[in-house]
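Structure first, then comments.
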Amino acid sequence: MKRHESDALRAARLFVSGLVLSIAAMISATAIALTPEEAGQFVGRNITMPPKLSPDGEHVVTFVRTDGRWSVAAMKLTDRSTVLSLGMGEFRIRWAEWLNNDTIILAVSRSDGYWSDSWYNRKFFAVSLKKKRPVEVMESLKGVPNNHAEIFEPWEPGRASFGAGDMLFYPRDFGNRADDHHMVLRTGEQTLVTRYDVKKELFKAIGKIDGDARTIFTNRKGQVLAGFGYPSINYRSAEEREAHKDNWQLWYRFNANDDFQITRRTQVDSGDVRFVGRSANPKQAMILDHVSHDIRSLGVFDVTDGSIKPVFRAARADVWEVQHDADGEVIVVRYDDHYPDWKYPNSKHPGAQLHAVLSKGFANQSVNLISFSDDNTKATVQVITDKNPGTYYVVDVASRKAQVLSKQSNTQATGNRFPIEFASRDGARLTGYVTLPKGKEKNLPFVVLIKGGPSSSPGGRIATWDFDGEAQLFASHGIGVLQVNYRGTDGLGLAHASGAMGDWNGAPQNDVIDGVRYIIANGTADSGKICVYGEGFGAHAALVQPAMEQDLYQCAIAVRGNYDMGYTLSRIRVKSAKERYAMIVSGKPGASRQDMEELSATSAAQRIKIPVMLLEGRRNNANPSDQIRRIQSALTDAGVSVTSHYEHAESADIPLNYKNRRQGLKTIYDFVVAHTGA
């Protein structure tokens, strides 16, 4: 598939709102000294999240990160005036949704957003455009049955803590725009669906599933008609609990007063079902189905009989993203077979037709429909390329006329992102991407970037053609980047996603190594100038691979890794969780601590012959984590040249911010340049 630059965006006569100021700094395409400020154009950027339309289409709301601090902003579209600008201090804003035309609901948490991305200290706020101040909501569990309240708040009675909760937010769940919405409370044994009244601060139970439903479907009356997840084991015998501990099941019913029926029992590693929206038929829900076929497809689930019918399935790639209209109806689905592609379940829907027109106008770019007004006459749209993290537009659906709302920070990215495809040593089809400096394609220094990874089946999502800040940072400074969609990543079928199960040091490591050999063989990479850099599972891989192939890399960088999996196993107290972890990593649910240690980076350290950098975040005066201390000791004992770099918080009470990330990536870049001669 040939890609070329489009003139559509350049030719459009659209005016730009000043929500985000562009950063102007020219960067050459050769490896030069990098400042934290330059790194901040690619990682830890000042960003504006996708703007969402108010129900009447008169305003948009977005939330912005500026130098690691988050704020929420609302703009009136008629005159582009800012009607709300509110900083949230140390809280990270997770999402912002309109409750009605005047009120916005915010979900926030304390999280550094880089070293850790957990829902630590989650809170919810309601913000009125008129009063312009946040009011915390859901502070108590008023109206929630005692058995749920006790499980959800064991530490501070009377205060809500939704550590295992999920919120469904469709604007017409209860027939119109009211001062309430769905809140789903999951205890692990039961799933309670409630209607929460923001003004009265009151929960009202409207549905219950006896099990841990990870995804549910509600009709336009707010009634719970289906769910998919773990069955409840609360009332079973020990034998039944053991037999069903790793199973999924699907609940359904036609009427809210009926008992739930059960269908589609399946082992957790044999695929799943996710409810993703409504269809035009009120008796049907749209789902992403990974149970009926190896390739995840869009399907319809019928609540009258529990049947699943396929709507669309690509040949080689999973459907992984859906886009909705104002009523929650699925109008666009995305899959990535090298480049982004889309399918329209109902091609006559005005939203689907809008997407088709915009995709032609913004040729060879990725178009996402972000939100609609309640009458579906206006939409907000995001357009992404491999070099552009996002430009936002507001579009009139009927006329298709677009106006720019805001642009992301100007990254000055110059790298070109290309898909690759090659065969693994055992004949498996593998894909990935190389991001290359502008005008350079041969004998390049390279970074092999390994993100996320197989923690279960499926594993982390595949790399796509869309903008990648870290890849662009290196490519825009003269260093190529390789990302392999190794077995264990999700998006290329269930067999591929589960291909790392019980084989962490096998298929996924070999796949990446085969990718490196591929770009060396075709002349893209200079074999003497390659470093490997990984985070999370990638940190484990970044240390295991140089031990497997001692002459392949010139340096290795590991960020926030699980380096001693035997130690991790010993810290897991629940038997079933311990067995599951051992099974995922080693293939043996009864693996011992020694078995797991032998698979760990701490054991691989004695075979590493190249310089290693370890990067981790910690607060001032805090000791290094157990994991980094263990790998430091193992590398030092093996005589490996190891550099440990810590990024510190501003105080013991304030988490790391994005300035730290900029400094961290500058340190990584400098380490790569020093050891590749780039």
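Below is a table of values for the structure above.
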read-out: ALA398 in a loop (DSSP other than H, G, I, E, B) and closer than 20 Å to VAL332 by Cβ; value: yes
read-out: Long-range neighbours under 8 Å by Cβ, at least six apart or interchain, first residue closer than 19 Å to SER527 by Cα and of a type in the set (Phe, Trp, Tyr) within the range 539-564, second at pLDDT 95 or above and part of a loop (DSSP other than H, G, I, E, B); value: TYR553/ILE610
read-out: Filtered residues of the range 375-387 (kept if surrounded by fewer than 20 Cβ atoms within 10 Å (Cβ to Cβ) and either within 22 Å of SER297 (Cα to Cα) or at pLDDT below 95 (or both)); value: ASP375, ASN376, LYS387
read-out: Residue within the range 73-93 that is within 18 Å of GLU136 (Cα to Cα), outside any loop (DSSP other than H, G, I, E, B) and modelled with pLDDT under 85 present; value: yes
read-out: Filtered residue count, the range 583-604, keeping only those that are under 20 Å from LEU543 (Cβ atoms) and either assigned to a helix (DSSP H, G or I) or among the β-branched types (Val, Ile, Thr) (or both); value: 13
read-out: Members of the range 354-374 found to be of a type outside the set (A, V, I, L, M, F, W, C), over 21 Å from the mean Cα position of the chain (by Cα), buried (at least 19 other Cβ atoms within 10 Å of the Cβ) and not in a loop (DSSP other than H, G, I, E, B), listed by number; value: HIS355
read-out: Residue count for the range 190-215, restricted to those that are over 14 Å from VAL137 (Cα atoms), touching a strand residue (DSSP E or B) at 6+ places or on another chain (Cβ under 6 Å) and either surrounded by fewer than 19 Cβ atoms within 10 Å (Cβ to Cβ) or of a type in the set (D, E, K, R) (or both); value: 6
read-out: Residue match in the range 17-39 (condition: outside any strand (DSSP E or B), at pLDDT 55 or above and closer than 27 Å to SER366 by Cα); value: yes
read-out: Residue in the range 167-176 that is at pLDDT below 75, closer than 16 Å to VAL61 by Cβ, touching a Lys or Arg at 6+ places or on another chain (Cβ under 8 Å) and not in a strand (DSSP E or B) present; value: yes
read-out: Matching option when the condition is part of a loop (DSSP other than H, G, I, E, B), surrounded by 17 or more Cβ atoms within 10 Å (Cβ to Cβ) and aliphatic (A, V, I, L, M), among ILE295, ILE287; value: ILE295
read-out: Filter result for GLY499 (part of a loop (DSSP other than H, G, I, E, B) and either modelled with pLDDT under 95 or aliphatic (A, V, I, L, M) (or both)); value: yes
read-out: Residue satisfying all of: in the range 403-419; more than 22 Å from PRO340 (Cα to Cα) and part of a strand (DSSP E or B); nearest to the chain's Cα centre (by Cα) among these; value: SER406
read-out: Meets criteria (of a type outside the set (A, V, I, L, M) and either buried (at least 24 other Cβ atoms within 10 Å of the Cβ) or in contact with a Lys or Arg (Cβ under 9 Å, 6 or more places away or on another chain) (or both)) for GLY460; value: yes
read-out: Single residue of the range 491-529 satisfying the filter (surrounded by fewer than 23 Cβ atoms within 10 Å (Cβ to Cβ) and among the charged types (D, E, K, R)) that is farthest from LEU436 (Cα to Cα); value: ASP503
read-out: Selection count, the range 284-315, where residues are in contact with an Asp or Glu (Cβ under 6 Å, 6 or more places away or on another chain) and among the basic types (Lys, Arg); value: 1
read-out: Number of positions in the range 605-626 that are assigned to a helix (DSSP H, G or I), surrounded by fewer than 22 Cβ atoms within 10 Å (Cβ to Cβ) and either at pLDDT 95 or above or of a type outside the set (D, E, K, R) (or both); value: 2
read-out: In the range 591-606, the residues that are of a type outside the set (Lys, Arg) and in contact with a helix residue (DSSP H, G or I) (Cβ under 7 Å, 6 or more places away or on another chain); value: ALA591, GLN594, ASP595, MET596, GLU597, LEU599, SER600, ALA601, THR602, SER603, ALA604, ALA605
read-out: Filter pass, TYR339 being among the aromatic types (Phe, Trp, Tyr), touching a residue at least 12 places away in the same chain (Cβ under 8 Å) and surrounded by fewer than 22 Cβ atoms within 10 Å (Cβ to Cβ); value: yes
read-out: The range 216-237 residues that are crowded, with 20+ Cβ neighbours inside 10 Å, paired with ones that are of a type in the set (Val, Ile, Thr) and at pLDDT below 75 (beta carbon under 7 Å, 6 or more apart); value: ILE216/VAL184
read-out: Condition check for ALA285: of a type in the set (A, V, I, L, M), modelled with pLDDT under 95 and over 20 Å from MET583 (Cβ atoms); value: yes
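Each row is one residue, and each column tells you yes or no for (1) within 24 Å of the chain's Cα centre (by Cα); (2) at pLDDT 95 or above.
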| position | (1), (2) |
| --- | --- |
| ARG296 | yes, yes |
| ILE308 | no, yes |
| VAL311 | no, yes |
| ARG316 | yes, yes |
| VAL319 | yes, yes |
| HIS324 | yes, no |
| GLU329 | yes, no |
| VAL333 | yes, yes |
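Table: residues versus (1) under 28 Å from GLY415 (Cα atoms); (2) small (Gly, Ala, Ser); (3) touching a His at 6+ places or on another chain (Cβ under 9 Å); (4) not in a loop (DSSP other than H, G, I, E, B).
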| site | (1), (2), (3), (4) |
| --- | --- |
| ASP503 | no, no, no, no |
| ASN510 | yes, no, no, yes |
| VAL516 | yes, no, no, yes |
| CYS531 | yes, no, yes, yes |
| ALA539 | yes, yes, no, yes |
| GLN545 | yes, no, no, yes |
| LEU569 | no, no, no, yes |
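The values are calculated or read from the model by the stated rules, or taken from the named source; none is laboratory data. Source: prediction; values computed, not measured. Positions of Cβ are backbone-derived with ideal geometry, glycine not excepted, and every protein chain shown enters the neighbour counts.
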